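Everything below concerns the one structure shown next.
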Amino acid sequence: MPKNERWGDPYQDKRDWKEYNEKLVRRGEFYLSLEFLDSWNDTLNQMNQGKKGRPFIYPVNFIQWASVIHCIFALPFRQMEGFLRKLSAFVLRDLAADYTTLFRRTSQFSFVLADTIMQSSDDVVVAVDSTGVKVTNRGEWMREKWRVHRGWIKVHVVVDTQTKEILSIEVTNETVTDDKPCIPLVDSAGKTKPEKRIVKVLGDGAYDRRHIFNEFEKRGIKSGVKIRSNASRQSNGSPYRAECAREQQDKGYKPWSKEVGYGKRWAVEGVFSAVKRIFGESVKSTSIQGMYHEVMQKYCIYNILINI
């Protein structure tokens with residue numbers, strides 16, 4: 001079978017590899033960054049001020065660090081307790097929280113997505129897409145043998161195509177179609193960093209819906225959504241979609257793609273690939289709430305890692 005001929009300009013990798021390599025090395029330092037020890041007592045005093053009932057024993061910045069270690073290395077909580085017990089001997093402080101405390105505190109802790117976004121620009125071009133996440137690796141043979149449908153969860157994200165940061169995220173079950181969370185995600189991305197102004201949204205054919213084009217027009221956002229080749233040139237409830245359809249059909253897909261920068265949509269695919277390579281393609285949690293929380297944590301930590 002003949003190989004498809006590549007079209008468009010060849011990709012030029014302009015990264016400073018010395019700087020990029022050093023950035024990846026610093027991630028290893030981040031995993032064992034124990035800066036929370038310097039403010040341990042001050043943070044605890046602040047957390048326990050005016051608190052009723054049993055006081056906190058472990059500060060929130062320690063729980064944040066433990067959440068990162070749990071997600072990066074996929075350590076079960078009992079092994080986390082052993083890991084912290086051994087680490088305590090080196091830092092001369094008791095870090096060995098029991099596994100129930102680790103589970104409870106990390107389950108209640110959530111990263112604030114806005115706090116993980118470090119880079120900013122005025123006019124932002126974003127890409128929107130979704131990917132599936134397996135709920136667990138356990139029981140694969142039984143599902144294959146008895147044809148049991150385990151299902152999966154979906155992660156919908158909006159990514160800044162220039163900085164590759166995740167600007168908004170939503171986790172749903174497999175039945176939610178891509179177009180439903182699109183507009184709320186774009187609005188959320190605009191609110192995450194008010195100084196960012198979204199000027200264009202890139203998306204594949206899953207977002208070719210009239211209501212999405214209507215909302216883009218209301219917000220003054222240029223569409224970079226791929227429309228099916230045989231789309232009607234009539235408005236049919238969305239004059240802006242009809243205008244975009246005529247533009248794509250008259251110019252042809254390749255010239256249109258180059259003009260709107262549709263190729264930059266690969267940024268969101270790159271984010272999905274990176275997250276799955278770092279954290280794996282499945283979640284360890286067993287409850288639905290736990291699965292959603294675990295996925296949100298992983299994608300927030302990804303933002304932190306790329307900004308180290």
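The values are calculated or read from the model by the stated rules, or taken from the named source; none is laboratory data. Note that the structure is predicted; figures quoted are calculated from it, not measured. Glycine gets a Cβ as well: all are built from the backbone with ideal geometry, and neighbour counts include every protein chain shown.
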Filter result for the condition that a residue is of a type in the set (V, I, T), in contact (Cβ under 8 Å) with a residue 40 or more places away in the chain and on the phi < 0 side of the Ramachandran plot, over V225, V275, V268: V268
Hey, F62 at pLDDT 95 or above, among the aromatic types (F, W, Y) and surrounded by 14 or more Cβ atoms within 10 Å (Cβ to Cβ) or not: yes
Extreme residue, surrounded by the most Cβ atoms within 10 Å (Cβ to Cβ), among residues of the range 153-168 that are more than 20 Å from F216 (Cβ to Cβ), in contact with a Ser or Thr (Cβ under 9 Å, 6 or more places away or on another chain) and not acidic (D, E): I166
Which numbered condition A189 fails, given (1) touching a strand residue (DSSP E or B) at 6+ places or on another chain (Cβ under 6 Å); (2) without any contact (Cβ under 8 Å) to a residue 12 or more places away in the chain; (3) of a type in the set (A, V, I, L, M, F, W, C): (2)
All positions within the range 201-255 that are of a type in the set (A, V, I, L, M) and either buried (at least 20 other Cβ atoms within 10 Å of the Cβ) or within 20 Å of V126 (Cα to Cα) (or both): V201, L202, A206, I212, I221, V225, I227, A245
Sole residue being within 28 Å of E29 (Cα to Cα) and touching a residue at least 24 places away in the same chain (Cβ under 8 Å), chosen from V260, V283: V283
Evaluation of I227 against (1) more than 30 Å from S110 (Cα to Cα); (2) not in a loop (DSSP other than H, G, I, E, B) (one fails), failing number: (2)
Residues located in the range 266-297, provided they are surrounded by fewer than 21 Cβ atoms within 10 Å (Cβ to Cβ), closer than 12 Å to V155 by Cβ and of a type in the set (D, E, K, R): K276, E281
Matching entry among L24, L32, L75 (being modelled with pLDDT under 95, loosely packed, with under 10 Cβ neighbours inside 10 Å and not aromatic (F, W, Y)): L32
Near pairs, Cβ below 9 angstrom, 6+ apart or cross-chain, from the range 124-146 (of a type in the set (A, V, I, L, M, F, W, C)) to any residue that is modelled with pLDDT under 60: M142/V148
